[in-house]
Amino acid sequence: MRADVGQFRRDVYAVVGEIPRGRVLTYGQVARIVGWPNHARLVGRVLHGAAEGSGVPCHRVVNSAGRTAPHWPEQVELLRAEGVVFRSNGCVDMEKCGWKVGV
């Protein structure tokens, strides 16, 4: 089966658009939700390519350890402004701020 990248992108944007303020999901969680569980990196590429004025809250997606994007210091500022809690190692406290989808 050939992947429909356009549909994948729309699905990723739709899921990320639903993440509430002050909460985060991981790239892997987004991939699983859209039905492509082994495509976390593709989620990252799709979000990296999102237009700045798109309204997609890409800053609410982090890696599985809660680490933010290494070359996007504004991501931390955006998350802190929403009340996201960080641990002493600089990673998002996933226990406190991870979005429990469906809860």
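The values are calculated or read from the model by the stated rules, or taken from the named source; none is laboratory data. Quick caveat: nothing in here was measured; it's all calculated off a predicted structure. Neighbour counts run over all protein chains shown; Cβ positions are idealised from the backbone, glycine included. SASA here: full protein model, heavy atoms, side chains in, ligands and nucleic acids out. Shrake-Rupley method; radii C 1.70, N 1.55, O 1.52, S 1.80 Å.
Key figures for this structure:
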read-out	value
Difference of contour (0.36 nm per residue) and Cα-Cα distance, Ala50 to Ala65	3.1 nm
Positive-end residue of Cys58, Gly83, Cys97, charge dipole of region 48-103 with Cβ unit charges	Cys97
MRE, 222 nm, helices only [DSSP H, n ≥ 4, -39500 (n - 2.57), over the chain, to nearest 500]	-11500 deg cm²/dmol
For the chain: Kirkwood Rh in Å [reciprocal of mean 1/r, alpha carbons]	13.8 Å
Accessible surface of region 2-103, 1.4 Å probe, proportion on carbon and sulfur as whole %	50 percent
GNM flexibility winner over the chain from Gly28, Gly44, Gly55 (Cα, springs under 10 Å)	Gly55
Fully extended contour minus Cα-Cα distance, from Arg21 to Val76, at 0.36 nm per residue	18.5 nm
The chain - accessible surface per residue (Å², probe 1.4 Å)	64 Å²
